[in-house]
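Just below is one structure, and these are the notes that go with it.
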Amino acid sequence: MYPFPQTIAPAVRTHIDAQTAFLNDMSKSLFSSFQQMCDLNIQLMQTMLEETTLASKHVLSADRQSELLSAATARTQPTTEKLRAYQQHIARLAADSQVELARVTEQHVQNTTRTARALADEVARDATEQTERGLRAQQETVRQFSDPFIRPGNGAAQPHASGSTGQTQQMPPSQQQGSKDQRATAH
């Protein structure tokens with residue numbers, strides 16, 4: 001009914017399992033890195049909101065313009081340092097993610113390569129067997145077309161003779177005895 005076999009070859013199953021394990025570990029690593037990046041962004045936004053709120057309080061509480069400028073410049077330095085720290089965290093997070101991905105790849109590459117090699121060997125062996133079966137079937141077909149008088153049951157066709165001796169040779173032995181007796185009484 002289906003064009004594909006219902007059973008899965010063990011080599012295919014092993015390779016799929018190895019690939020699945022590799023992809024699962026890779027996605028876990030990537031998701032962890034993404035989660036850390038989101039946490040870092042949330043932390044930065046919270047810090048920036050706190051700094052903005054504090055700066056707005058100082059600006060609104062300033063009575064003179066000089067106090068306004070000093071409040072704004074006083075908040076510039078801590079904000080710059082926090083942005084620099086954020087960039088360093090991102091760089092560290094990217095490096096850690098890269099190391100983790102390399103570790104996962106190194107951990108799974110040998111098993112995945114081994115299963116891929118086993119799968120390729122099985123496919124090559126199966127293809128060779130299928131080719132040999134096809135060649136044998138073609139050779140048998142050619143043999144049957146080249147000698148059409150070959151019968152599959154006994155190997156070769158028997159010639160049909162028109163004489164009475166030919167008939168006795170084709171009859172079973174019990175009938176041959178009976179026909180000899182009939183000929184003897186007729187003479």
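The values are calculated or read from the model by the stated rules, or taken from the named source; none is laboratory data. In this text, all values refer to a predicted model and were calculated from it rather than measured experimentally. No Cβ is skipped: glycine too gets one built from the backbone with ideal geometry, and neighbour counts run over all protein chains shown. Please note that ligands, DNA and RNA were not included when accessible areas were found on the heavy atoms of the full protein model with its side chains. Shrake-Rupley method; radii C 1.70, N 1.55, O 1.52, S 1.80 Å.
Below are the figures for this structure:
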read-out	value
Checklist (1) open to solvent by 90 Å² or more (accessible area, probe 1.4 Å); (2) at pLDDT below 80 applied to SER66, failing item	(1)
Test: residue in region 90-106 that is open to solvent by less than 100 Å² (accessible area, probe 1.4 Å), in contact with a Phe, Trp or Tyr (Cβ under 6 Å, 6 or more places away or on another chain) and under 30 Å from ALA9 (Cα atoms)	no
Unmet requirement for ASP25, which otherwise passes all of (1) open to solvent by less than 50 Å² (accessible area, probe 1.4 Å); (2) at pLDDT below 90; (3) closer than 30 Å to LEU119 by Cβ	(2)
Yes/no for GLU81 being among the acidic types (Asp, Glu), more than 30 Å from MET37 (Cβ to Cβ) and open to solvent by 70 Å² or more (accessible area, probe 1.4 Å)	no
Failed criterion for PHE31 (all others in (1) modelled with pLDDT of 95 or more; (2) surrounded by 12 or more Cβ atoms within 10 Å (Cβ to Cβ) hold)	(2)
Failed item, numbered, when THR113 is tested on (1) of a type in the set (Val, Ile, Thr); (2) over 30 Å from PRO10 (Cα atoms); (3) open to solvent by 50 Å² or more (accessible area, probe 1.4 Å)	(2)
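The rows are residues; the columns are (1) touching a residue at least 12 places away in the same chain (Cβ under 8 Å); (2) more than 30 Å from ASP126 (Cβ to Cβ); (3) under 39 Å from the mean Cα position of the chain (by Cα).
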position: ALA9; (1), (2), (3): yes, no, yes
position: THR20; (1), (2), (3): no, no, yes
position: LEU23; (1), (2), (3): no, no, yes
position: LEU60; (1), (2), (3): no, yes, no
position: THR73; (1), (2), (3): no, yes, no
